[in-house]
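Asks: Handing you a structure now.
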Amino acid sequence: REFDTIDDDIAALEQQIADTEQAIAEYALDYQKLQALAEQKEQLEQQLSEKMDRWVYLNDLAEKIAAEKE
């Protein structure tokens, strides 16, 4: 089931990062807001990295299962 939804999860995280980058540009002069946004972006990028690693694992697993069926 995770394999079926992971692409959507990755796309959602990428969109959240893009939205955060846009907010960073808008609040460039507000140091407190900028700091919070930078921390948020860092957390999102970490989540994205973990999802991408998981995607690679699941994709490899799916390919092995498909090869075994042949």
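The values are calculated or read from the model by the stated rules, or taken from the named source; none is laboratory data. The structure presented is a predicted model; accordingly, all values stated were derived computationally and were not measured. All Cβ positions, even for glycine, are placed from backbone atoms using ideal geometry, and neighbour counts span all protein chains on display. In case anyone asks, the SASA skips ligands and DNA or RNA and just uses the protein heavy atoms, side chains included. Shrake-Rupley method; radii C 1.70, N 1.55, O 1.52, S 1.80 Å.
Asks: Anything in the range 1-43 that is among the aromatic types (Phe, Trp, Tyr) and either open to solvent by less than 60 Å² (accessible area, probe 1.4 Å) or over 19 Å from residue 59 (Cα atoms) (or both)? List them, or say none.
Replies: 27, 31
Asks: Could you pull out the residue among 29, 37 that is at pLDDT 95 or above and aliphatic (A, V, I, L, M)?
Replies: 37
Asks: Here's a check for you: in the range 44-60, which residue that is touching a helix residue (DSSP H, G or I) at 6+ places or on another chain (Cβ under 8 Å) and open to solvent by 70 Å² or more (accessible area, probe 1.4 Å) is nearest to residue 17 (Cα to Cα)?
Replies: Filtering the range 44-60 for residues that are touching a helix residue (DSSP H, G or I) at 6+ places or on another chain (Cβ under 8 Å) and open to solvent by 70 Å² or more (accessible area, probe 1.4 Å), the one nearest to residue 17 (Cα to Cα) comes out as 45.
Asks: Given the criteria of a type outside the set (Asp, Glu) and under 13 Å from the mean Cα position of the chain (by Cα), does residue 18 qualify?
Replies: Spelling it out, residue 18 is indeed of a type outside the set (Asp, Glu) and under 13 Å from the mean Cα position of the chain (by Cα).
Asks: Go through the residues of the range 27-34 one by one and say whether even a single one is touching a residue at least 24 places away in the same chain (Cβ under 8 Å) and assigned to a helix (DSSP H, G or I).
Replies: No, because not a single residue in the range 27-34 is touching a residue at least 24 places away in the same chain (Cβ under 8 Å) and assigned to a helix (DSSP H, G or I).
Asks: Also, quick follow-up: Touching a Phe, Trp or Tyr at 6+ places or on another chain (Cβ under 7 Å) and either among the aliphatic types (A, V, I, L, M) or closer than 29 Å to residue 1 by Cβ (or both): which single residue out of 44, 61, 48, 34 fits that description?
Replies: After ruling out the rest, the residue left standing is 34.
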